[in-house]
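Colleague: Here it is: the structure, laid out below.
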Amino acid sequence: MKRLFFILFQFLVLVMAVSCGSTRKVQKETVDSSVFDDFAGDYFFLEGIRKYNNNEYDAAMDLISHSLDYDTASAAACYSLAQFYMSLRDRNLIEKYTGKAEELLTLAVRQEPDNYWYRRLLAMNYMRQNRRADATAQYEDMARRFPGRTDLLITLAQLYDDAGEYEKELRVLTRYGKLEDVADELKFQRFACYLQMGELDSAYFEADNPAEVIELLMNTTREMIDHAESQLDKIKCRSLLDVAMNFCDVVSKYEPQMLEAYSQKAIAYFWLGENDNSFNTLTLGLKRVRDSKDKAKLYSLRGDFHHSLGQTKQMYSDYDSTLIHDPDNISVLNNYAYYLSLEERDLKRALSMSAKTIQAEPFSSTYLDTYAWILFKMKRYKEALEYMEKALRYLDTDNPEIYEHYGDVLYMCGEKEKALENWHKAVQMNSESKTLDQKIREGKYIE
């Protein structure tokens, strides 16, 4: 504040000296114009900063801009004015002053090339214009000039990643890891670089938990394909899925007993419609995997695939193999029992398997529904109604199939109006049942 008063005082003295001169010759001899300009530039600049700090932004811009009329090479004034232009929120004003902000920042950097803040704001201005090559060049220069600024390295690594320059990104990540002593925390970023470079063995050694990474890769890439808007995007995403599947092979090379390397790759093949490759992958996994429960998971998965293809005989065979290796596999016990009930075969066995599921998870609406449905098929309607009501009690999401089953059981228990009410509920939940409309239309249960 003292400096501000000093400058103001000097400025007034100079003005009085100039105004008191009787001739132009006396003016020149009294004060050097360059000295006058320096004091005037400082005065208007500091006044502008004061206005800015008081949230008087328009006045601040005018004053700082005016200071450049006296000192056109003031790096601080150029930076402050550019900062003001870049803080504007109106889209039209942003477009109008973007070029001016760049011009001012370029001048500021030229005047003080080792000023971190000037260069950083210039790089940010490039980023706002989506001029990533210019921004990258600026960050590279800053990383050389300010080797201790690790925040620059993080931004530079992201720019390299966006540009697909993974080798450069790896070098920057290595440098950052050493400076901050966080090399281990950057393993996943390095893994992603190696993966995109196709160096899958190196990627494997960066993966702390290959099984978890495989699941993440497969789920993410399939979701990306589903949401891709253009054919080109789909092709790009599909290439990523191929890389993920190849990574499964690398993992199985180093860890041949890892379940996920086979199960996730088989799921991907089946999702792509390459059924033979899917089954071959599962067969290979069953030969290599040693853990009994892991074998059960592979048999269960293969059984599910056979079910999707309508291959009932093979499905039951795989479910039997699953239960040999894991007799308490709740999911398979439930599915096996339900499919038997749909065919109305081995209902006593189906009921026994289903009973195990509700003993293990007594509040599962799905397992209670299966048990009730088997009782229904055995014509034990009153018992079926008891379990259906339990299933509805624990139901936490809309399930049209359960409401349809409830209606079926109610009908057989003589409660036709309640049956119709629940069939209608199933319709409102977008049921895909092939007989539901007929049930409602005829007012009776249809097999």
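The values are calculated or read from the model by the stated rules, or taken from the named source; none is laboratory data. What you see is a predicted model; the values in this text were computed from it and never measured. So basically every Cβ, Gly included, is an ideal-geometry build from the backbone, and we count neighbours across all protein chains shown.
Colleague: Only one of R119, R110 is modelled with pLDDT of 90 or more, assigned to a helix (DSSP H, G or I) and either over 34 Å from the mean Cα position of the chain (by Cα) or not charged (D, E, K, R) (or both); which? Show your work before the answer.
Modeller: Values: R119 fails: either over 34 Å from the mean Cα position of the chain (by Cα) or not charged (D, E, K, R) (or both).
Being modelled with pLDDT of 90 or more, assigned to a helix (DSSP H, G or I) and either over 34 Å from the mean Cα position of the chain (by Cα) or not charged (D, E, K, R) (or both) holds for just one of R119, R110, which is R110.
Colleague: Can you tell me how many residues within region 143-158 are in a helix (DSSP H, G or I), of a type outside the set (S, T, Y) and surrounded by fewer than 21 Cβ atoms within 10 Å (Cβ to Cβ)? Walk me through it before giving the result.
Modeller: At the first step, the residues of region 143-158 found to be in a helix (DSSP H, G or I) are 143-145, 150-158.
Pick out the ones that are also of a type outside the set (S, T, Y) and you get 143-145, 151-154, 156-158.
Within this subset, residues satisfying the condition of being surrounded by fewer than 21 Cβ atoms within 10 Å (Cβ to Cβ) are 143-145, 151, 154, 158.
Number of matching residues: 6.
Colleague: Another question, if that's okay. Are there any pairs with C-beta distances below 9 angstrom linking a residue in region 387-398 that is in a helix (DSSP H, G or I) to a residue that is surrounded by fewer than 15 Cβ atoms within 10 Å (Cβ to Cβ) and not aliphatic (A, V, I, L, M), with the two at least 6 apart or on different chains, and if so which?
Modeller: So the pair list comes out as K390/P362; K390/F363; R393/F363.
Colleague: What is the one condition in (1) in a helix (DSSP H, G or I); (2) at pLDDT 90 or above that N130 does not satisfy?
Modeller: (1)
Colleague: Here is a follow-up. Among the residues of region 407-422, write down those that are in contact with a Leu (Cβ under 6 Å, 6 or more places away or on another chain) and either of a type outside the set (K, R) or crowded, with 22+ Cβ neighbours inside 10 Å (or both). Can you show your working first?
Modeller: The first filter runs over region 407-422 and keeps only residues in contact with a Leu (Cβ under 6 Å, 6 or more places away or on another chain), leaving 409, 413, 418-419.
Once the filter is applied, which keeps residues that are in contact with a Leu (Cβ under 6 Å, 6 or more places away or on another chain) and either of a type outside the set (K, R) or crowded, with 22+ Cβ neighbours inside 10 Å (or both), region 407-422 yields V409, C413, A419.
Colleague: A further question on this structure: Being crowded, with 18+ Cβ neighbours inside 10 Å and either out of contact with any Leu (no Cβ under 6 Å at 6 or more places or on another chain) or assigned to a loop (DSSP other than H, G, I, E, B) (or both) narrows it down to one of I402, I440, so name that one.
Modeller: Values: I440 fails: crowded, with 18+ Cβ neighbours inside 10 Å.
After ruling out the rest, the residue left standing is I402.
Colleague: Here's something else I'd like to know. Quick check on region 256-266. Is at least one of its residues within 30 Å of I324 (Cβ to Cβ), out of contact with any helix residue (DSSP H, G or I) (no Cβ under 8 Å at 6 or more places or on another chain) and among the basic types (K, R)?
Modeller: First, pick out the residues of region 256-266 that are within 30 Å of I324 (Cβ to Cβ): 256-266.
Checking which are out of contact with any helix residue (DSSP H, G or I) (no Cβ under 8 Å at 6 or more places or on another chain) leaves us with none.
No, region 256-266 contains no residue that is within 30 Å of I324 (Cβ to Cβ), out of contact with any helix residue (DSSP H, G or I) (no Cβ under 8 Å at 6 or more places or on another chain) and among the basic types (K, R).
Colleague: Now, a different point. For E95, which of the numbered conditions (1) assigned to a helix (DSSP H, G or I); (2) in contact (Cβ under 8 Å) with a residue 12 or more places away in the chain fails to hold?
Modeller: (2)
Colleague: I would also like to ask the following. Condition first: touching a residue at least 40 places away in the same chain (Cβ under 8 Å) and of a type outside the set (A, V, I, L, M). Now tell me which residues in region 98-137 satisfy that.
Modeller: Listed by number, the residues that qualify are N115, Y118, N125, R128.
Colleague: Out of (1) closer than 24 Å to Y299 by Cα; (2) in contact (Cβ under 8 Å) with a residue 24 or more places away in the chain; (3) surrounded by fewer than 22 Cβ atoms within 10 Å (Cβ to Cβ), the odd one out for V243 is which?
Modeller: Result: V243 passes all but (1).
Colleague: Please specify each residue of region 308-324 satisfying the condition of being in contact with a Phe, Trp or Tyr (Cβ under 7 Å, 6 or more places away or on another chain) and of a type outside the set (F, W, Y).
Modeller: Step one: list which residues in region 308-324 are in contact with a Phe, Trp or Tyr (Cβ under 7 Å, 6 or more places away or on another chain), which gives 318-319, 321-322.
Once the filter is applied, which keeps residues that are in contact with a Phe, Trp or Tyr (Cβ under 7 Å, 6 or more places away or on another chain) and of a type outside the set (F, W, Y), region 308-324 yields D318, S321, T322.
Colleague: Within region 368-387, is even one residue over 25 Å from Y319 (Cβ atoms) and of a type in the set (G, A, S)? Walk me through it before giving the result.
Modeller: Narrowing region 368-387 to residues over 25 Å from Y319 (Cβ atoms): 379, 381-383, 385-386.
Narrowing further to those that are of a type in the set (G, A, S): none.
No, there is no match, as no residue in region 368-387 is over 25 Å from Y319 (Cβ atoms) and of a type in the set (G, A, S).
Colleague: Under 9 Å by Cβ, and 6 or more places apart or on different chains, what pairs join a residue from region 348-364 that is basic (K, R) with one that is at pLDDT 95 or above and loosely packed, with under 15 Cβ neighbours inside 10 Å?
Modeller: Going by the 9 Å Cβ cut-off, the qualifying pairs are K356/P327; K356/D328.
Colleague: From the list L200, L195, pick out the single residue that is closer than 29 Å to S239 by Cβ, at pLDDT 95 or above and either surrounded by fewer than 20 Cβ atoms within 10 Å (Cβ to Cβ) or not charged (D, E, K, R) (or both). Before the answer, list the steps.
Modeller: Numbers: L195 fails: at pLDDT 95 or above.
Residue meeting the stated conditions: L200.
Colleague: Using the structure shown, decide if G414 is assigned to a helix (DSSP H, G or I) and closer than 24 Å to L347 by Cβ. Break it down stepwise before answering.
Modeller: Numbers: assigned to a helix (DSSP H, G or I): no; closer than 24 Å to L347 by Cβ: yes.
It is false that G414 is assigned to a helix (DSSP H, G or I) and closer than 24 Å to L347 by Cβ.
Colleague: Another question about this same structure. Only residues that are over 23 Å from E223 (Cβ atoms) and among the hydroxyl-bearing types (S, T, Y): list them for region 239-258, please.
Modeller: S252, Y254
Colleague: Working carefully through the options S321, S308, find the one that is under 33 Å from the mean Cα position of the chain (by Cα) and either surrounded by 15 or more Cβ atoms within 10 Å (Cβ to Cβ) or not basic (K, R) (or both).
Modeller: Values: S321 fails: under 33 Å from the mean Cα position of the chain (by Cα).
From the options S321, S308, the qualifying one is S308.
Colleague: Quick test for you: out of L286, L282, L301, pick the one residue that is modelled with pLDDT of 95 or more, more than 29 Å from Y194 (Cα to Cα) and over 29 Å from the mean Cα position of the chain (by Cα).
Modeller: Details: L282 fails: more than 29 Å from Y194 (Cα to Cα); L301 fails: over 29 Å from the mean Cα position of the chain (by Cα).
Exactly one of L286, L282, L301 is modelled with pLDDT of 95 or more, more than 29 Å from Y194 (Cα to Cα) and over 29 Å from the mean Cα position of the chain (by Cα), namely L286.
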